[in-house]
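So the structure is just underneath, and the comments pick up after that.
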Amino acid sequence: MNRPALQLPSFAKINWQLRILGKRPDGYHEINTVLQAISLQDQLTFEVTSDPEIVISCNDADVPTDNQNLIVRAANALKSRFRIAGGASVRLEKRIPTRAGLGGGSSNAAVALLALNHLWNIKASPGDLLDMAAKLGADVPFFLWGGRALATGTGATISPLQDRAGDPVPLLVIAPNASISTAFAYASVDAAALTTSVGDPILSSSREAGNFRDSEPWPPSDSLQNDFESVIFDIEPEIKRAKETLLQAGARAALLAGSGSSVFGIFADRDDQQRALNEIKLEAGWRIFACVTVSRIEYQRTVASPDIQFLRSFNSGSDIGA
């Protein structure tokens, strides 16, 4: 008998800090970034099928539904690794803007791994899912953790960080009328090489990552940094205007999200967030989202439905430290 449909949220992320340390011999960039799950989310509904195909439908016509979609690639990775004969039908209700630096596609892929691991009764280990997640994309492993985490290397090496005590941090996210691909953003960055011509590491000559501290008020404004801003703002001045709009509306700080094109503003409380939301006059094509940070406990409570015990064991068995 087929299992009933399973609906799960797929959360977005921001980067409290993103430092580009240099270029690796494999062509990728070495980074140091602090990731944070936020409440802006897509909705995914999964149903298993006897047909071997992975079929996706989406409310956004601009989202590919073939093998370019990370949900399809995640599902096929599970099918191949564990020799699954059946398939799945997936409905994606898209709300996270694409090409916005918010990790929507990566989040979708991670949730697909978790959901289909359950629906196909695979019982994959955390190591199995982490390995597949890392091969799908640098941000995908983070969405197996949620909360707040340090990502190093190409961004796929995740070290969970202690969540901030107290209420969630109120945020406004603006997605302006601009689009920056991750590949183009990295190609535009002039970072020091991490190796010599013979492949010897020269990390000491690369820029060091800043330290991200836990303090109040949180996050500390002097630790907020995104190395992409210096190039992205020149390429797309509209993105810079979106950041300035948030600051003018009373944000305590604002920052580019990932490699862009969205920006987020941090507010002292929900009242300030609402005042800014009422005040901001969006330009043509801009979208704005009021949201909050999501702790690891809340993330696993929400993403791990009562039928999915895997995410709970995955997180509770981890060494979590500040």
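The values are calculated or read from the model by the stated rules, or taken from the named source; none is laboratory data. None of these values were measured; they are calculated from a predicted model. Cβ: placed from backbone, ideal geometry, glycine included. Neighbour counts: every protein chain shown.
The condition of being on the phi < 0 side of the Ramachandran plot, outside any strand (DSSP E or B), buried (at least 21 other Cβ atoms within 10 Å of the Cβ) and without any contact (Cβ under 8 Å) to a residue 60 or more places away in the chain holds for only one of LEU102, LEU114, LEU78, that being LEU78.
Does the stretch 158-186 hold any residues that are modelled with pLDDT of 85 or more, over 20 Å from GLU279 (Cβ atoms), of a type outside the set (D, E, K, R) and surrounded by 16 or more Cβ atoms within 10 Å (Cβ to Cβ), and which are they? The answer is ILE158, PRO160, LEU161, PRO168. If we keep just the residues of the stretch 124-157 that are at pLDDT below 90 and touching a Phe, Trp or Tyr at 6+ places or on another chain (Cβ under 6 Å), which is nearest to GLU279 (Cα to Cα)? Checked the stretch 124-157; the qualifying residue nearest to GLU279 (Cα to Cα) is THR154.
Quick check on LEU35: is it within 24 Å of ASP128 (Cα to Cα) and either in a strand (DSSP E or B) or touching a Lys or Arg at 6+ places or on another chain (Cβ under 8 Å) (or both)? Please lay out each step first, then the result.
Numbers: within 24 Å of ASP128 (Cα to Cα): yes; either in a strand (DSSP E or B) or touching a Lys or Arg at 6+ places or on another chain (Cβ under 8 Å) (or both): yes.
Judged against the criteria, LEU35 is a match.
What about ASP227, is it under 18 Å from the mean Cα position of the chain (by Cα), at pLDDT 60 or above and of a type in the set (Asp, Glu)? Here the answer is yes, as ASP227 does meet what is asked. Filtered by the rule that a residue be over 19 Å from the mean Cα position of the chain (by Cα) and either more than 15 Å from LYS94 (Cβ to Cβ) or in a helix (DSSP H, G or I) (or both), the stretch 64-74 gives ASP66, ASN67.
Out of the stretch 1-23, which residues are surrounded by 24 or more Cβ atoms within 10 Å (Cβ to Cβ), among the polar types (S, T, N, Q) and under 13 Å from GLN225 (Cβ atoms)? Residue satisfying the conditions is ASN15 alone.
Residues ILE31, ILE38, ILE20: which one is at pLDDT 95 or above and of a type outside the set (Phe, Trp, Tyr)?
That would be ILE38, the only listed residue that is at pLDDT 95 or above and of a type outside the set (Phe, Trp, Tyr).
Considering the conditions (1) at pLDDT 90 or above; (2) in a loop (DSSP other than H, G, I, E, B), CYS291 is excluded by exactly one of them, (2).
Mind checking which residues of the stretch 81-99 are in a loop (DSSP other than H, G, I, E, B) and more than 16 Å from ASN121 (Cα to Cα)? Matches in the stretch 81-99: LYS94, ARG95, ILE96, PRO97, THR98, ARG99.
Inspect all residues belonging to the stretch 243-251 and state whether any of them is surrounded by 12 or more Cβ atoms within 10 Å (Cβ to Cβ), modelled with pLDDT under 95, under 20 Å from the mean Cα position of the chain (by Cα) and assigned to a helix (DSSP H, G or I). No, the stretch 243-251 contains no residue that is surrounded by 12 or more Cβ atoms within 10 Å (Cβ to Cβ), modelled with pLDDT under 95, under 20 Å from the mean Cα position of the chain (by Cα) and assigned to a helix (DSSP H, G or I).
For beta carbons closer than 7 Å, sequence separation of 6+ or different chains, a first residue in the stretch 289-300 that is under 25 Å from GLU279 (Cβ atoms) and a second that is surrounded by fewer than 21 Cβ atoms within 10 Å (Cβ to Cβ) and not aliphatic (A, V, I, L, M), the qualifying pairs are CYS291/SER39; VAL292/SER39; VAL292/PRO168; THR293/PRO168.
Among the residues of this structure, PRO52 does not count as one that is touching an Asp or Glu at 6+ places or on another chain (Cβ under 8 Å) and either loosely packed, with under 13 Cβ neighbours inside 10 Å or in a strand (DSSP E or B) (or both). Go through the stretch 250-279 and report how many residues are touching a residue at least 60 places away in the same chain (Cβ under 8 Å) and touching a helix residue (DSSP H, G or I) at 6+ places or on another chain (Cβ under 6 Å). The total comes to 7.
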